[in-house]
Amino acid sequence: MSEKKKILIVEDETLQANAISEYLIGEGYEVKVANNGQEGLKTLENYTPNLILMDILMPIMDGIATLKEIKSDPKIKDIPVIVLTNLKTEETMAEAEKLGAAGYLFKINFKLEDLLKKVKEIVGN
């Protein structure tokens, strides 16, 4: 049997983080959750996921600042990051893309099935 794919969710909205986490665990993924960018970076010191799902608007350290840190660290820069956001602004999307985000999903019209499809596109089952 193949090893479970690991996913780190960096999301400050507990209900959203739990819903995504439980869904992905149910689909056979190993999941860890961090409540903000700073906590996410700390988790990455000793946990190497196959994918990071990250909110943009978070306290302490937002998703863009966290993405910059991830992409500037040679040990973790190749981990794909999907940005989760309610900000449907061109500049936020362009910034995330420029920094190397593998994609983004809008939380407003968000379906867990859409997320799973995107996750499978990037990391497989």
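Every number here is computed from the coordinates shown, using simple stated rules; none is lab data. Note that the coordinates shown come from a computational prediction; the quantities given were computed from them, not determined experimentally. So basically every Cβ, Gly included, is an ideal-geometry build from the backbone, and we count neighbours across all protein chains shown.
Points to keep in mind about this one:
- Near N35, once Lys and Arg are set to +1 and Asp and Glu to -1 for all other residues with Cβ below 14 Å from its Cβ, the sum equals -4.
- Neighbourhood charge, 15 Å Cβ-Cβ cut-off, centred on T14 and excluding it, Lys, Arg +1 and Asp, Glu -1: -4
- Of the two radii for the stretch 6-123, the radius of gyration is 0.92 times the Kirkwood radius, both from the alpha carbons; that is the Rg over Rh value.
- A simple count of charges around V123, restricted to other residues whose Cβ falls under 15 Å of its Cβ and scoring Lys, Arg +1 and Asp, Glu -1, yields +2.
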